[in-house]
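Inspection log for the structure reproduced underneath, given as structure tokens.
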Amino acid sequence: MAGKTTSLARRFDQQVSSLESTRQKMESLFSRSEVNRDDIEHVYAGLFLDVFTEFEALIEVLFIGLLSGNLYSPTRNIVRRIRISPSAEVRNVVFGGRSYLDWLPYKNYTLKRAKLYFNSPEPFDVLNATEKSSLRFYHIIRNAFAHKSEKALREFNNLIAGLSLLPYEKRPGGFLRSRPSSISSQTQFEIAVLELRVIAGKICA
């Protein structure tokens, strides 16, 4: 029996809630000077990579699940352009012999595949311009952590250019701990998690 796409969003919420608990514990240790700034920035890097990896996995599971018929949307009529039989071969066909696929940048990979395999790219095209921009923003931060290449760091520096940041907040980990304004109670990390949860809920509706 096919499962509901909404279950993926619920599972994502549970996963990132667990990571948020870890973040709060580390902030408590930092406030007591039991860990230093480098330590906590490394933690933020790991947590952000975990969140983003879970989000990319959600896109993949959603895509393969809808195409194979193992998942269905309770609110949308998803029409497959092609049917692959047996359904167990869907992943092999989509992956085309590769061990992994990129799903981001979203427009370049996820949306192009959706247009190829579905009559309408729903539910992957339901994101508005702001949400797509947020995905690009967080993908650049993810690359700064994952690759640490000159190109990745240059793109990150271009991303934060013009922002009012302290010197240590211009590092990827420091940026995630920063707050967009003096009156904000949320860090950039918390804002990123919230936005990714909203996006996950939207495409899994």
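The values are calculated or read from the model by the stated rules, or taken from the named source; none is laboratory data. These numbers come from a predicted model, not from an experiment. Cβ placement follows ideal geometry from the backbone for every residue including glycine, while neighbour counts extend to all protein chains displayed.
From the set of residues in the stretch 70-102 that are in contact with a strand residue (DSSP E or B) (Cβ under 8 Å, 6 or more places away or on another chain) and not polar (S, T, N, Q), which is surrounded by the most Cβ atoms within 10 Å (Cβ to Cβ)? Talk me through it step by step, then tell me what you get.
Let us first name the residues in the stretch 70-102 that are in contact with a strand residue (DSSP E or B) (Cβ under 8 Å, 6 or more places away or on another chain), namely 70-74, 78-81.
Those still in the list that are not polar (S, T, N, Q) too: 71-72, 74, 78-81.
Values: Leu71: 21, Tyr72: 15, Pro74: 9, Ile78: 17, Val79: 9, Arg80: 14, Arg81: 12.
Among them, the one singled out is Leu71.
Residue by residue through the stretch 125-176, note down the ones that are closer than 15 Å to Phe52 by Cα, surrounded by fewer than 16 Cβ atoms within 10 Å (Cβ to Cβ) and among the hydrophobic types (A, V, I, L, M, F, W, C).
Within the stretch 125-176, Phe137, Ala146 qualify.
If the Cβ limit is 7 Å and pairs must be 6+ apart or interchain, which residue in the stretch 153-181 that is of a type in the set (D, E, K, R) pairs with which residue that is assigned to a loop (DSSP other than H, G, I, E, B) and buried (at least 16 other Cβ atoms within 10 Å of the Cβ)?
Listed pairs, sorted by first residue: Glu169/Ser178; Arg177/Thr187; Arg179/Thr187.
Return the pair list, or none, for Cβ contacts closer than 9 Å from residues in the stretch 63-91 that are at positive phi to residues that are at pLDDT below 95 and among the aliphatic types (A, V, I, L, M), at least 6 apart or on different chains.
From residues that are at positive phi, the pairs are Gly69/Ala2.
Restricting the stretch 92-111 to residues that are among the charged types (D, E, K, R) and either within 16 Å of the chain's Cα centre (by Cα) or modelled with pLDDT of 95 or more (or both), which is nearest to Phe52 (Cα to Cα)? Please lay out each step first, then the result.
We begin by selecting, within the stretch 92-111, every residue among the charged types (D, E, K, R); these are 98, 102, 107.
Filter again for either within 16 Å of the chain's Cα centre (by Cα) or modelled with pLDDT of 95 or more (or both), leaving 102, 107.
On the way: Asp102: 13, Lys107: 17 Å.
Here the residue is Asp102.
Out of Gly201, Gly173, I need the residue that is more than 19 Å from Arg142 (Cα to Cα) and part of a helix (DSSP H, G or I). Which one? Even if it seems obvious, please write down each step before you answer.
On the way: Gly173 fails: more than 19 Å from Arg142 (Cα to Cα).
Just a single option satisfies the conditions, and that option is Gly201.
Being touching a Pro at 6+ places or on another chain (Cβ under 6 Å), of a type outside the set (Ser, Thr, Tyr) and either surrounded by 14 or more Cβ atoms within 10 Å (Cβ to Cβ) or not in a helix (DSSP H, G or I) (or both), is that true of even one residue in the stretch 22-37?
Let us first name the residues in the stretch 22-37 that are touching a Pro at 6+ places or on another chain (Cβ under 6 Å), namely none.
No, because not a single residue in the stretch 22-37 is touching a Pro at 6+ places or on another chain (Cβ under 6 Å), of a type outside the set (Ser, Thr, Tyr) and either surrounded by 14 or more Cβ atoms within 10 Å (Cβ to Cβ) or not in a helix (DSSP H, G or I) (or both).
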